[in-house]
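**Student:** Okay, handing you the structure first.
The values are calculated or read from the model by the stated rules, or taken from the named source; none is laboratory data. Everything numeric in this text was worked out from a predicted model, so none of it was measured. Glycine gets a Cβ as well: all are built from the backbone with ideal geometry, and neighbour counts include every protein chain shown.
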């Protein structure tokens, strides 16, 4: 039987490279995690871009330089003026094209809180034999935001050779995930029961996900005990 190429995919909420232990921004620590797990493609959440504030640097570019990877940064919002913030992707292989797809804000806010935040989906095409579409997103905290995010994801993800990853801010039993599981395979099925991703020092909830299109085979999945960020990374080996 012919076996396809194995690729290691990582999704990682890096909390703008703020080390969970030291509380300082430490790019080398996040880069070391990526290199330690030898990931081919890495989806990143909570990434800062170059902005007006001194602590808003081009984080995706810095991590790409430290790892030797290609990168693309997808801005979702500007924080306090011109300070970009959003998702990013790092790839060992060239990125043929990439785009930032905005997730619509709810027309009417259903929750009475200040947790609303405009979100986006990063969609990139990776230069591997046969091609690979990699989508990275970070859902909002409110159910109406999450509903819009799911709808955007369903519209944008490809039927074949596609990986979807990110911090979805929902737990596995949430019915919002049902439509995604109908279209794609939830690699969380390969995790040991009760495996969680947040908070990294004592994880008791799972809100980070990796889905693959039905034509791809997830060989393994793990959420290793890594505490550099407030989330643990999620690593999946996929046969493409």
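**Student:** Please verify whether the stretch 168-175 includes one or more residues that are under 23 Å from residue 142 (Cβ atoms), part of a strand (DSSP E or B) and at pLDDT 95 or above. Explain how you work it out, then say what you get.
**Tutor:** So the first thing to find is which residues in the stretch 168-175 are under 23 Å from residue 142 (Cβ atoms), and the list is 168-175.
Then keep just the ones that are part of a strand (DSSP E or B); that gives none.
No, because not a single residue in the stretch 168-175 is under 23 Å from residue 142 (Cβ atoms), part of a strand (DSSP E or B) and at pLDDT 95 or above.
**Student:** State yes or no: is residue 188 more than 22 Å from residue 70 (Cβ to Cβ), at pLDDT below 95 and out of contact with any helix residue (DSSP H, G or I) (no Cβ under 7 Å at 6 or more places or on another chain)?
**Tutor:** Working: more than 22 Å from residue 70 (Cβ to Cβ): yes; at pLDDT below 95: no; out of contact with any helix residue (DSSP H, G or I) (no Cβ under 7 Å at 6 or more places or on another chain): yes.
Spelling it out, it is not the case that residue 188 is more than 22 Å from residue 70 (Cβ to Cβ), at pLDDT below 95 and out of contact with any helix residue (DSSP H, G or I) (no Cβ under 7 Å at 6 or more places or on another chain).
**Student:** Okay, moving on. All but one of (1) farther than 19 Å from residue 232 by Cβ; (2) in contact with a helix residue (DSSP H, G or I) (Cβ under 6 Å, 6 or more places away or on another chain); (3) touching a residue at least 60 places away in the same chain (Cβ under 8 Å) hold for residue 7; which doesn't?
**Tutor:** (2)
Residues are listed down the side, and each one gets a yes or a no for (1) within 28 Å of residue 77 (Cα to Cα); (2) surrounded by fewer than 16 Cβ atoms within 10 Å (Cβ to Cβ):
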position: 141; (1), (2): yes, yes
position: 163; (1), (2): yes, no
position: 175; (1), (2): yes, yes
position: 179; (1), (2): yes, yes
position: 182; (1), (2): no, yes
position: 204; (1), (2): no, yes
position: 212; (1), (2): yes, no
position: 238; (1), (2): no, no
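**Student:** Does residue 35 qualify as being touching a helix residue (DSSP H, G or I) at 6+ places or on another chain (Cβ under 9 Å), without any contact (Cβ under 8 Å) to a residue 60 or more places away in the chain and outside any loop (DSSP other than H, G, I, E, B)?
**Tutor:** On the way: touching a helix residue (DSSP H, G or I) at 6+ places or on another chain (Cβ under 9 Å): yes; without any contact (Cβ under 8 Å) to a residue 60 or more places away in the chain: yes; outside any loop (DSSP other than H, G, I, E, B): yes.
Judged against the criteria, residue 35 is a match.
**Student:** Only one of these is in contact (Cβ under 8 Å) with a residue 24 or more places away in the chain and in a loop (DSSP other than H, G, I, E, B): 144, 201. Name it. Step through it out loud before you land on a result.
**Tutor:** Working: 144 fails: in a loop (DSSP other than H, G, I, E, B).
On inspection, the qualifying residue turns out to be 201.
**Student:** I've got another one for you. Tally up the residues in the stretch 51-82 that are outside any helix (DSSP H, G or I) and in contact with a strand residue (DSSP E or B) (Cβ under 7 Å, 6 or more places away or on another chain), please. Give the steps one after another, and end with the answer.
**Tutor:** First, pick out the residues of the stretch 51-82 that are outside any helix (DSSP H, G or I): 51-58, 68-82.
Subset that is in contact with a strand residue (DSSP E or B) (Cβ under 7 Å, 6 or more places away or on another chain): 51, 55-57, 69-79.
The qualifying residues number 15.
**Student:** Let me ask another. Go through the stretch 58-67 residue by residue and tally those that are closer than 14 Å to residue 16 by Cβ and in contact (Cβ under 8 Å) with a residue 24 or more places away in the chain.
**Tutor:** The number of residues fulfilling the criteria is 4.
**Student:** Given the residues 221, 192, which is the only one that is part of a loop (DSSP other than H, G, I, E, B) and either within 18 Å of residue 172 (Cα to Cα) or free of Cβ contacts under 8 Å to residues at least 24 places away in the same chain (or both)?
**Tutor:** Numbers: 221 fails: part of a loop (DSSP other than H, G, I, E, B).
Going through 221, 192 in turn, the sole match is 192.
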